[in-house]
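The values are calculated or read from the model by the stated rules, or taken from the named source; none is laboratory data. Since this is a predicted model, take the numbers as computed values, not measurements. When we count neighbours, we look across all protein chains shown, and the Cβ atoms used for this are built from the backbone with ideal geometry, even at glycine. When the accessible area is computed, the model is the full protein with side chains, heavy atoms only, and any ligands, DNA or RNA have been set aside. Shrake-Rupley method; radii C 1.70, N 1.55, O 1.52, S 1.80 Å.
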Amino acid sequence: MTEEEFINLTKNNLGLIVTQEQLDLLNTYCEYLIDYNKKVNLTAIKDKKDIYLKHFYDSLTIVKVLDLNKVKRLLDIGTGAGFPGVVLKIFFPNLDVTLLDSNNKKITFLSKLALKLGIKVNLVNERAEVYAKKHLEEFDVVSSRAVAELPILIELAIPYLKIGGIFIALKSDVTAELAISQNIIKNIKCQVERIYNFELPIINHQRTILVIRKVRKTPHRYPRTYSEILKSNK
Ligand code: SAM
């Protein structure tokens, strides 16, 4: 996706008018990511056009299910090189964004990137199931892309949410994963609110955005340790 295609498609498909300032920030982000990625492995997507489509545009598709202007605190679990969290911060500067990843290399990159872009984000170098212990019910929205299978993700994400808050999982397909998530959905007191299917433009790859709402307080036993989570998902 060229920069021009990005501008047109975010406007026509996502209803976002990209400002020159946002374009400049994305350009700096893209160049820094490509450069940094030569020394430290952050992403398999290395080409500028692919970054604009598969990282920048894809991150922004969240706007199809949620008005981020109305959200205060967002946590991005397993943010990696900042997707979708950093892109959302660029487009919604009032959003209080926390980027969490257990990988120290990714968090180091993000702290340098944030300085370069002049954006203020909270960085957490911790495993999601550990950090949750002291940050229960603090966030309005939790997002996550390409981190784990859905039953695991739900257990990692829901404890962070305030009651009424939503978890947004960016996935390619959720049919099979939803089928094996029914127990955790019931036990952790949340409900599937929306399954939004679409195709990424240009390459026509299937994408699904799953919206899950927390309806009641999370039972005390969650989140469990990662080994316990894995054991019950074997
Ligand atoms: N969300 C980014 C994206 O879509 O480009 C990165 C995806 S990358 C495939 C998965 C990331 O999740 C890795 O950076 C990994 O360190 C992180 N991760 C996996 N399990 C995690 C956990 N339990 N807690 C925190 N981070 C985790």
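Can you give me the distance in nm between label points at Ala146 and Glu193, each placed 7 Å from the Cα along the Cα-to-Cβ direction?
Placing both labels 7 Å beyond Cα along the Cβ direction yields 2.6 nm.
Over the chain, what percent of the accessible surface lies on carbon and sulfur atoms, probe 1.4 Å?
49
In the stretch 66-232, what % of DSSP beta bridges are antiparallel (nearest 5)?
Looking only at bridges with both residues in the stretch 66-232, the antiparallel portion is about 45 percent.
Quick check: residue separation of Asp24 and Lys112 times 0.36 nm, minus the Cα distance between them. What number comes out in nm? It would help to have the intermediate numbers written out before the result.
Numbers: separation 88, 0.36 × 88 = 31.68 nm, distance 1.69 nm.
Full extension of this stretch gives 30.0 nm more.
Kindly flag which residue pairs out of Lys72/Lys217; Lys48/Lys133; Lys89/Lys186; Lys134/Lys234; Lys70/Lys134; Lys70/Lys171 have an alpha-carbon separation exceeding 30 Å in this structure.
Too far apart for the 30 Å limit: Lys48/Lys133; Lys89/Lys186.
For Leu42, what is the net charge nearby, where nearby means another residue's Cβ is under 13 Å from its Cβ and Lys, Arg count +1, Asp, Glu -1?
Every neighbour counted, the sum reads +4.
Note down the accessible area of His205, probe 1.4 Å, to the nearest 10 Å².
90
Could you report the accessible area of Arg194 in Å², rounded to 10, computed with a 1.4 Å probe on the protein chains as they sit in the structure?
Arg194 has an accessible surface of roughly 100 Å² with all protein chains in place.
Report the equivalent ellipsoid semi-axes for the stretch 66-232 in whole Å, largest first, defined as the square roots of five times the eigenvalues of the gyration tensor built from alpha carbon atoms.
The equivalent ellipsoid of the stretch 66-232 has semi-axes of 24, 19, 16 Å.
Along Cα→Cβ, 7 Å out, is where each label goes; now give me the distance between the ones at Ser172 and Val130 in nm to one decimal.
3.1
How much solvent-accessible surface does Glu137 expose, in Å² to the nearest 10, with a 1.4 Å probe and all protein chains in place?
50
Around Phe198, with a cut-off of 11 angstrom between Cβ atoms, what is the net charge of the other residues, counting Lys and Arg +1 and Asp and Glu -1?
Its environment carries a net charge of 0.
For the stretch 1-57, take every pair of Cα atoms, bin their distances at 10 Å starting from 0, and report each bin as a whole percent.
23, 53, 21, 3
Find how many whole Å separate the alpha carbon centroid of the stretch 1-78 from the alpha carbon centroid of the stretch 170-234.
Each part's Cα centre sits 23 Å from the other's.
From largest accessible area down, sort Tyr196, Tyr29; use a 1.4 Å probe on the protein chains.
Ranking Tyr196, Tyr29 by accessible area, largest first, yields Tyr196, Tyr29.
Please give the per residue accessible area of the chain, computed with a probe of 1.4 Å over protein heavy atoms only, in Å².
Result: 47 Å² per residue.
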